[in-house]
Amino acid sequence: MSAKELSRNIPAGVRRTLRKEVNYGCPVKSCGSPFLSYHHYNPPWHVEKHHNIEGMIALCLHHHKSADNGAFTNEQLDNLKENPFLSNDDILGGEITWKRDNILFDIGGNYFLGATKIHLKKEEKLVWIEFDEDGHIMINLNIKDKDGNLLFTMRNNDWLISTSLQDIESPPAMKMVKFRDDDKNVRLSVEYKAHSLESFIREYQTILPNNRIYELLNFLPQEDIVICKIRGLLQYPFHIHFKDGRTDMKNLKGPFTINSMMKLAEGATMEYGVIVNYFEVGDGIIVK
């Protein structure tokens, strides 16, 4: 590629602006699908390589393909950008299509296998699972703002979120959803990924010590290792930050039990704490 040729990879800021422009769902009437791709139309990519926001639009794959084949005029696409199907205070819905009967949860350095529920505080469940008629694991989540108001909910792999948040992204592969709102100081990503034995070791050896990797592998299948990876910053029921390989916590006030081991007495406070590479088979407690 010469220095003058533009990469087909669309800059993150452009993608984010295009998603926001259509309120995070396909703008075509009665569609609203959150699984967005990005269409160059004025001019088309084959005419001029560009990433100009005014000549691009976020569409679902179905309507993107239609647009590629001339279903919409430029004027119609301009109108969809200005008057999308969803409003900026609507409810956006989608799903995670993956169904498995063996999933490893990777929640910021907390690893859970065979868990039916993972708690954050007393009966405040972060993740819990149910099973469909074929025995596949179905994921459930509740994510709240600092005042306890529900921001994001997932019920048996189907999720709902308000379009009023600052950014929502769910690519067409239907294996990931993420959102952020800097005003609320909250962000979250839920992503599924399938690994071979080799790719699992390759990805996690940059995060975990070798002994922990092989401890996990003792409980995992040798093929089709499926990870549900959760990362993000939450403010309810307390400040908790899920990162690669670790979880940071702030301003905890007892009584709490952390990872079923460390206890914080009633009235005691912990300004800052870290959980690193915790693994549990069965139901899990991050902080309870």
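The values are calculated or read from the model by the stated rules, or taken from the named source; none is laboratory data. Quantities reported herein were computed from a predicted structural model and do not represent experimental measurements. Cβ: placed from backbone, ideal geometry, glycine included. Neighbour counts: every protein chain shown. Each accessible area value is taken on the protein alone, full model and side chains, heavy atoms only, with ligands, DNA and RNA left out. Shrake-Rupley method; radii C 1.70, N 1.55, O 1.52, S 1.80 Å.
Can you give me the number of residues within region 21-35 that are among the β-branched types (Val, Ile, Thr) and under 13 Å from Asp90 (Cα atoms)? Working first, answer last.
Initially, region 21-35 is screened for residues among the β-branched types (Val, Ile, Thr), giving 22, 28.
Then keep just the ones that are under 13 Å from Asp90 (Cα atoms); that gives 22.
Summing the residues that are among the β-branched types (Val, Ile, Thr) and under 13 Å from Asp90 (Cα atoms) in region 21-35 gives 1.
For region 1-37, name all the residues that are open to solvent by less than 40 Å² (accessible area, probe 1.4 Å), under 22 Å from Trp159 (Cβ atoms) and either without any contact (Cβ under 8 Å) to a residue 12 or more places away in the chain or not in a loop (DSSP other than H, G, I, E, B) (or both).
Narrowing region 1-37 to residues open to solvent by less than 40 Å² (accessible area, probe 1.4 Å): 10, 13-14, 18-19, 22-28, 32-37.
Then keep just the ones that are under 22 Å from Trp159 (Cβ atoms); that gives 18-19, 22-28, 32-37.
Selection gives Leu18, Arg19, Phe35, Leu36, Ser37.
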Fill in the blank from the handout: Taking region 253-288 and keeping residues at pLDDT below 80, of a type outside the set (D, E, K, R), part of a loop (DSSP other than H, G, I, E, B) and open to solvent by 30 Å² or more (accessible area, probe 1.4 Å) leaves Ser260, Met261
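Let me confirm something: among Thr97, Thr73, which residue is closer than 22 Å to Arg231 by Cα and of a type in the set (Ser, Thr, Tyr)?
The match here is Thr97.
Among the residues of region 141-158, what is the count of those that are open to solvent by 30 Å² or more (accessible area, probe 1.4 Å), touching a residue at least 40 places away in the same chain (Cβ under 8 Å) and assigned to a strand (DSSP E or B)?
So the first thing to find is which residues in region 141-158 are open to solvent by 30 Å² or more (accessible area, probe 1.4 Å), and the list is 142, 144, 146-147, 149-150, 155-156, 158.
With the extra rule that they be touching a residue at least 40 places away in the same chain (Cβ under 8 Å), the set shrinks to 144, 146-147, 158.
This time we only want the ones that are assigned to a strand (DSSP E or B), so: 144, 158.
So the count comes out to 2.
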Completion exercise
For Glu203, the lone unmet condition from (1) among the charged types (D, E, K, R); (2) under 23 Å from Ile103 (Cα atoms); (3) open to solvent by 70 Å² or more (accessible area, probe 1.4 Å); (4) not in a strand (DSSP E or B) is (3)
Fill in the blank from the handout: Of those in region 75-98 that are farther than 22 Å from Ser162 by Cβ and in contact with a strand residue (DSSP E or B) (Cβ under 6 Å, 6 or more places away or on another chain), the residue least open to solvent (accessible area, probe 1.4 Å) is Leu77
Problem - Looking only at region 159-173, and only at residues there that are within 13 Å of the chain's Cα centre (by Cα) and open to solvent by 60 Å² or more (accessible area, probe 1.4 Å), the one that is nearest to Trp128 (Cα to Cα) - result: Leu160
Practice task
Sort out which residues of region 104-139 are touching a strand residue (DSSP E or B) at 6+ places or on another chain (Cβ under 7 Å), surrounded by fewer than 20 Cβ atoms within 10 Å (Cβ to Cβ), in a strand (DSSP E or B) and among the acidic types (Asp, Glu), and write them in order of number.
Solution key: Glu130
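Could you check region 113-140 and list, in sequence order, the residues that are free of Cβ contacts under 8 Å to residues at least 60 places away in the same chain and within 18 Å of Gly282 (Cα to Cα)? Explain how you work it out, then say what you get.
Initially, region 113-140 is screened for residues free of Cβ contacts under 8 Å to residues at least 60 places away in the same chain, giving 123, 125, 128-138, 140.
Answer for region 113-140, where residues must be free of Cβ contacts under 8 Å to residues at least 60 places away in the same chain and within 18 Å of Gly282 (Cα to Cα): Glu123, Lys125, Trp128, Ile129, Glu130, Phe131, Gly135, His136, Ile137, Met138, Asn140.
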